[in-house]
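Worksheet: one structure, shown below.
The values are calculated or read from the model by the stated rules, or taken from the named source; none is laboratory data. On a predicted model such as this, the values are computed, not experimentally measured, just so you know. Quick reminder, even Gly has a Cβ in these numbers, built from the backbone with ideal geometry, and neighbours come from all protein chains shown. With ligands, DNA and RNA removed, areas are computed over all heavy atoms of the protein, side chains included. Shrake-Rupley method; radii C 1.70, N 1.55, O 1.52, S 1.80 Å.
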Amino acid sequence: MGRRKFRSRLGLVAAVAVAGAVVGPVSAHAAGTASAGATSVRADFNGDGYTDLAVAAPWGTVGGYARAGYVSVVYGSSLGLDIKHRQVISQNTAGIPGAAETGDWFGWGLSLGDLDGDGYADLVVGASGEDIGTVDDAGTVTVVWGGKAGLSGGKVVATGGTLGLVAPRHVTVGDFNGDGHLDVATDNHLLTGPFTRTAGAAATADIAFDLSNEDAGFTIDDVAAGDVDHDGITDLVGLVHTPTEEGPPGAAYRIAYLHGTKQGLSDLVVLKRSDGTDMPGGSSLGIGDVNKDGYADLVVGRPVDGQGEESVEPALLGGQVGVVYGSASGPDTSRTTVINQDTAGVPGVSEYGDDFGLGISVGDTNGDGYADVAVGSPGEDIGTVTSAGAVAVLRGGASGLTGSGAVSFSQNTTGVPGTAEKGDLFGGHTALADTNHDGRAELYVAAHGENTYDGAVWAFRSTSTGPTASGSVSFGPADVGAPVTDAWFGYGFAR
């Protein structure tokens, strides 16, 4: 994978953001979710009416410290992203607590929402590698406050220590008790709003995504928030697996559901099939209403297809996407859909190691009222170029998610900037959001392996038929005045 320069055409891009205003039952992997009474989570940090883009670069070098991490924010305008109006936020930024240190991974965990209720979106940043005293990788969660002049100042609202880690890699925003104030969830903590700039969260409690008190080896793969049962209160869903469990590929992957109520999140429930077996989980999660019935659906990416080509379960070859549809009772495991690259209408062919199912995001790309799904396959070979990566957009409809009408893009697609190169990992992270308020969500695709792990982001505009390569643009860390070398720019978007 050679290094090359990007020629950005950001003046042609519509104003973009990783999260639009998402209220009620519809939400996206790349967006925080609010209940009907909660403050909007639209990514407008300066309140000018234009949504803004926040990109994580948790491996970025700051002040000479490798993997200290930073977040790049580019502000929207009437002409689109204003490349001259941007910020790079790190722990060395004035007003941000702490200091950049090797391995802090500031930005590994990124969300947003108007936590203090002042009308400006705030940025929530996890630093999973932050050491606290003698505790290595204790972790912190910092809120960077929005305002008329943009993001400024910060407050550490959660800190790990000798009693436990913060684990902020999947930090998520939602109104989990329906009181109209946004809350913040990490992998193991719930910070309850309202938030203030002096005191932080109103209260803190533990969250348990582990499936057994005796299981110390579980891993949380992804977390997302959405109103699955359409009761006006945000629910929390986690994908969890047990690395030591034996069995076919994917057997150790499960879905943990915590129902939001007026009393807060309920106890964890592991979703089961009608025969009592676990509903398969995965590695990437989005939530949105793909069949337009008013209930948010769980879209689960399952890229894991085994430890070697001989051991692959046929249904999981290359990866797949599964949908569990929402209902008044929550996730309805009797109604599901499974799609892979061998499904009719989906471009490509299922092959070992494609990683189809990573980078899930959900949003309506063509304005028909049905949520569509962006699916990354960063392990996809483009011709003879290994792990160059690709992304597909699957369409929602009255019968649910379908392969019909799906489209796919790579860096070798006509009109897309760049060239597919070995290890680019294009599609490792995606976002769907209506960033220009035309009723259609645009597609954003990251390739954190681009330019030998400097990373880059692509923007695809949407039409009445969905995303198009025509007019697509790309930009890397140098284009936004951020540290470049080995930044992993695009390793996550505010969600």
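Reducing segment 384-417 and segment 348-368 to their Cα centroids gives an inter-centroid distance of 6 Å. Taking packing as the residue-averaged number of other Cβ atoms within 10 angstrom, the listed peptides 418-430, 197-209 run from highest to lowest as 418-430, 197-209.
Counting 0.36 nm for each residue step from S470 to D293 and taking away their Cα separation leaves a gain of 60.5 nm.
Inter-label distance, K272 to A203: 3.1 nm, where each label sits 7 Å from its Cα along the C-beta direction.
Put a dot 7 Å past the Cα of H437, heading toward its Cβ, do the same for T386, and the two dots end up 4.9 nm apart. Remark: C-alpha extents of segment 295-402 on the principal axes read 44, 29, 21 Å, sorted largest to smallest. Each listed q (0.13, 0.20 Å⁻¹) maps to a log10 I(q)/I(0) for segment 142-226, found by the Debye formula over equal Cα scatterers with no solvent: -0.47, -1.02. Let's test this: bin the Cα-Cα distances of the chain at 20 Å from zero up to the farthest pair and state each bin's percent. For the chain, the pair-distance distribution reads 27, 62, 11. With protein chains left intact and a 1.4 Å probe, residues in segment 148-229 average 41 Å² of accessible area per residue.
Annotation: peptides 450-460, 398-408, ranked by per-residue average of other Cβ atoms within 10 Å with the highest first, follow the order 450-460, 398-408.
From helices alone, the chain scores 0 deg cm²/dmol at 222 nm; the rule is -39500 (n - 2.57) for each run of n ≥ 4 DSSP H residues, then divide by the residue total. Only the Cβ atoms of Lys and Arg (+1) and of Asp and Glu (-1) were treated as charged; on that basis the dipole of the chain about its Cα centre amounts to roughly 1580 debye. Reported value for segment 317-368: 122 Å³ per residue, from the convex hull of its C-alpha atoms. Computed from the Cα positions only, the extents of segment 97-178 along the three principal axes stand at 38, 31, 16 Å, in decreasing order. For segment 372-495, the spherically averaged projection of the C-alpha convex hull amounts to 7.9 nm². Roughly how many Å² is the accessible area per residue of segment 292-354, as a whole number, for a 1.4 Å probe? For segment 292-354, the per-residue accessible area is 42 Å². What relative contact order, as a whole-number percentage, does segment 355-419 give when Cα pairs under 8 Å and 6 or more residues apart are counted? Rounded, it is 23 percent for segment 355-419. Pairs of Lys residues in the chain are counted when their Cα atoms are under 28 angstrom apart and they lie 8 or more places apart or on different chains; the count is 8.
Under the simplified labelling scheme, the T196-H85 pair shows an inter-label distance of 3.2 nm, with each label point 7 Å from Cα along Cα→Cβ. Averaging the sequence gap over all C-alpha pairs within less than 8 Å and six or more residues apart, then dividing by the number of residues, gives segment 139-215 a relative contact order of 20 percent. Its alpha carbons considered, segment 421-470 gives a radius of gyration followed by a Dmax of 12.3, 36 Å.
For segment 43-166, the Kirkwood hydrodynamic radius from C-alpha pairs, put into Stokes-Einstein at 4 °C and a viscosity of 1.567 mPa s, yields a diffusion coefficient of 89 µm² per second.
Take every Cα pair under 8 Å whose residues are at least 6 apart in sequence, average their separation, divide by the length of the chain, and the relative contact order is 16 percent. Would you work out what percent of the accessible area of the chain, with all protein chains in place, is carbon or sulfur (probe 1.4 Å)? Carbon and sulfur together cover 50 percent of it.
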